[in-house]
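What follows is calculated from the coordinates using simple rules that are stated; it is not laboratory data. Just so you know, these numbers come straight off a predicted model, no measurement behind them. Methodologically, a virtual Cβ is constructed for each residue, glycine included, from the backbone with ideal geometry; neighbour enumeration extends over all protein chains shown.
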């Protein structure tokens, strides 16, 4: 009797799933056309996706044209060492990746976050293996109230859940409402977020000696994640790594698309 009951439940679940697929078919995350598998891209959008692969700078995660050997570091990382230990990004900020990042951030497409996190898990495998806590880049409370959600927190939550890591969205606070970074030059971006983030005293015991994984949607110049990393180091973090969905590479600035970053 118990076996029959289980079979009936499986049958009902299968019928419900079939009905849901008919009423709400899976859609491509890039162009919203119907696809066969939830969480996938259509062929046209997939061809636009540029995954960031090795070889890359061990510190900044920027790809090299040629294999420089294990542990190779780019001239940029040597000339201007970042506040974090290592950064990794899943995809280049162009084509379908740009559309997905902006749909999440500006069009309330929070349903995209788990899909995007899958690629982030792949890119940040080594960072995730050593991380103790996942921390998203925070929004100022005014911007959060206006937007109603934090896109970095949506990605961080998905990454932490998949990796079974502790997720602390309020560990770092943005106590100064900075200007948007869109359109600012590199030096202006650095100045805009200087001292904008803080780890409150009551949270420092959580941070002390832990390895923190900072999650954001797009890495442009690294100014924002560097500012977050500095606040965590001041609070006693044992190490800080950065994982983002997309990375703006030098050739991306030549892209004909002019959407904001």
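Taking other C-beta atoms within 10 Å as the exposure proxy, 100, 120 rank 100, 120 from fewest upward.
Determine, from the Cβ-Cβ distance of residue 209 and residue 121 and an R0 of 25 Å, the FRET efficiency 1/(1 + (r/R0)^6), rounded to the nearest 0.05. Mind dumping the intermediate values first?
Values: r = 25 Å, r/R0 = 0.99.
Efficiency computed from Cβ-Cβ geometry: 0.50.
When peptides 65-77, 162-174 are sorted by average Cβ neighbour count within 10 Å, with the highest value leading, the order is 162-174, 65-77.
Can you sort 53, 58 by how many other beta carbons sit within 10 Å, fewest first? The partial results should precede the final answer.
Working: 53 9, 58 16.
Result, fewest neighbours first: 53, 58.
At q = 0.08, 0.09, 0.14, 0.15 Å⁻¹ the log10 of I(q)/I(0) for the range 51-254 amounts to -0.24, -0.30, -0.78, -0.91, computed by Debye summation with a single uniform scatterer per C-alpha, solvent ignored.
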